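Before any comments, here is the structure.
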Amino acid sequence: MTSRAQRFDNFQRNVLEQLISTNAKLDKLCALMVSNQLLQECISPEGQPRSAEDCAEIVTDSFCAGMCLSEELKNHSKEFEYQKSEFFIDDDEPEDAGDIEEEEDDDEPFSGPHFKTPVMPF
């Protein structure tokens, strides 16, 4: 039998191997996406070939625009979370807090479930 420490060590190794594999696949994916964009941008919409500097500038501008959009989305998400937290001040209270008082006013004792349980024949 293996000890807990050995099993945990094996688990960590497996996770590390999976992360390395995933990172390698993500690197290939990013390289393919950049290559695809470069191929698309090497010809202008008018059908004229572009220089390598023009293609690099377009790809760089595209990347920077994507980063700006990502930051803008993060800022809007933070702002939304802040506004939501300001609007819902008592978020810790259950939504049915008012209904509990109504249920407690019933003076009738609990009579059990309202369905009949089937009897199993022997």
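Quick look at the values:
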item	result
Restricting segment 1-15 to residues that are among the aliphatic types (A, V, I, L, M) and in a helix (DSSP H, G or I), the residue that is surrounded by the fewest Cβ atoms within 10 Å (Cβ to Cβ)	A5
Residue match in segment 62-85 (condition: touching a Lys or Arg at 6+ places or on another chain (Cβ under 7 Å), of a type outside the set (A, V, I, L, M, F, W, C) and either modelled with pLDDT under 90 or assigned to a helix (DSSP H, G or I) (or both))	no
Test for Q18: is it under 26 Å from the mean Cα position of the chain (by Cα), part of a helix (DSSP H, G or I) and surrounded by 10 or more Cβ atoms within 10 Å (Cβ to Cβ)	yes
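The values are calculated or read from the model by the stated rules, or taken from the named source; none is laboratory data. Remember, it's a predicted structure, so these values are computed and weren't measured experimentally. Here Cβ is always computed from backbone atoms with ideal geometry, including for glycine, and neighbour counts include all displayed protein chains.
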